[in-house]
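Have a look at the structure below before the remarks.
The values are calculated or read from the model by the stated rules, or taken from the named source; none is laboratory data. Bear in mind the structure is a predicted one, so any value in this text is a computation, not a measurement. Note: ideal-geometry Cβ built from the backbone for every residue, glycine included; neighbour counts use all protein chains shown.
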Amino acid sequence: MKKTIGGVVTVVVIVVAAILLLMSSVRVPAGYIAVQYSMSGGVKGDILTQGWHLKSPTVKTTLYSVSLEQSYLTSSKDGDSKDDDSFSASSSEGKAMQIDLTFTYQYSPDKVADLFTRFRGQSGKEVRDSFIKPNIISWTKEVVANYKVSDILGSERANVNTALTDYLNKKFEPYGIAISNVSLINISVDEKTQEAINAKITAQQAAETQEINNQT
């Protein structure tokens, strides 16, 4: 009988120890860091880097990516764009455009604790979806409103992308978020506007061809 009780006690002790070890360990994947926090003490100062770590069982962790992450705002299911995330914007002439966009982002390791507090415990992905993406849309509209639709669809596309990248990076920098490689990957306009743009491009090409012929 005593042996049976002793065996049961041993099993219970092993199970409790295993549970405590599980609750006291956390694995941070490569390219991520983890913010530590507890209900009693709030955010802890030490950020956990990649690898296995021991912590208090009462302390929880939230992951933030510190590597470059690609994100999408598109009408198709590209990457993290699961629904129709394309958006409308207006050119300097007031022409309506439907825009698909891609960008890369990165959280600054020394700012993630502030991000965690500012956004009330949201994870990196939740901050992306609730803060980064909506503001990307809003601030992109401010930039494209400075360009003609024909330029955005044509020769100025690269300059628009550069201006977007610089503007968005400056806007997000105070939050410890770096934005890079912003690119308008698909832009659609109404049929009448597209026909007018095509006619303009055709006329420009004809003029260039004529100029070359005159020089020969």
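Structure values in brief
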{"read-out": "All helices (runs of 4 or more DSSP H) inside segment 48-155 with 1 or more residues being touching a strand residue (DSSP E or B) at 6+ places or on another chain (Cβ under 7 Å), modelled with pLDDT under 90 and aliphatic (A, V, I, L, M)", "value": "112-118, 149-153"}
{"read-out": "Boolean, D85 is in contact with a Lys or Arg (Cβ under 8 Å, 6 or more places away or on another chain) and surrounded by 15 or more Cβ atoms within 10 Å (Cβ to Cβ)", "value": "yes"}
